[in-house]
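Below is one structure, written out as C-alpha cells; the observations come after it.
Rule-based calculations on the coordinates, nothing more; no lab input. Just so we're clear, the structure is a prediction, and the values are computed from it rather than from any experiment. Cβ placement follows ideal geometry from the backbone for every residue including glycine, while neighbour counts extend to all protein chains displayed.
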C-alpha cells in the first residue's frame, strides 16, 4: 500500500513539474542573437548595460531624439529580442520621442532566465536607470508595452510616476489565455504565471490608450475590450486591423496619428 501511494505521489509530482515546464516554455521565447541594430535605420543609439535589484545584468538601447517630447519605455513581447523591434522604435522616434528599450532577463545580451517576477524587476530597473540620468530624467515619461510587454507595462504603471500608458495587444491574464489556447490543460493544477492585467489596470490613474486589432489572431479582441472597460478614466480605445504582429506596420500612418493625438492631449 505504501509503495502504491509513493508511486502515485511520484507520478503526480512528475506531472506537476511537466506542467510547470510546459507553462514556462509556452510563454517565453527568447532569442539570444542580436540580428539588427538601430543604425541600420539611421538611428543613433547608446548600447547600455544596467543591473536589477536581484543583481541580474540587463542590456538595452537608448535611442535619443534631438528635440525629444518625452521618453518612451518600450516593453517588447515574449519572443525574439530588442533587435527585432527596430522598425517599431523608428515609428516612435518619428513622433519625436526618445526610446528606451531593453531585453528581459534571458533575452538578447541580458543574463538570467525569464519569469514573471523577474520581468517586473527588469521593468523597475529600466525605469530607475533612466531616472538616474540627469540628462533625461526631467522628460515626460510614456510607458508602452506590446503583447506580453503590455502586462509588464501595466504592472510598472501602477507603481511609478509616469505621464501616460499605451498598451498594444494586451491580454487580460495568462490564465484567460490558457483557457483559450489550451482548453485541454488541467488548469486545476494552478497557473503560476499570472500577468493579471485585468485586475491591475483598475488601479492606474494616468491617461491610458488601449490599442487592439479586431483581427488579432493571438490575443482575442474581446480581451482588449475587457481591459478598456475595467480601466478607470482617463482612457481611450483604438481599434486597428491586421494581425497581432503586423497590424502596426501595415497601418503605420493611422497608428502614428492616433498615438500623436493622444500624446498631445496629455501635453506631451
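Summary of values
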| item | result |
| --- | --- |
| Sorted by Cβ neighbour density within 10 Å, fewest at the top, the residues 237, 102 | 237, 102 |
| FRET efficiency estimate (nearest 0.05) - Cβ-Cβ, residue 222 to residue 265, R0 45 angstrom | 0.95 |
| Mean separation of Cα contacts under 8 Å (6+ apart) over length of the chain, as relative contact order % | 15 |
| Per residue convex hull volume, Cα atoms of the chain, in Å³ | 135 |
| Relative exposure of 28, 144, judged by other C-beta atoms within 10 Å (fewest first) | 28, 144 |
| Span from the segment 47-65 Cα centroid across to the segment 92-118 one, whole angstrom | 8 |
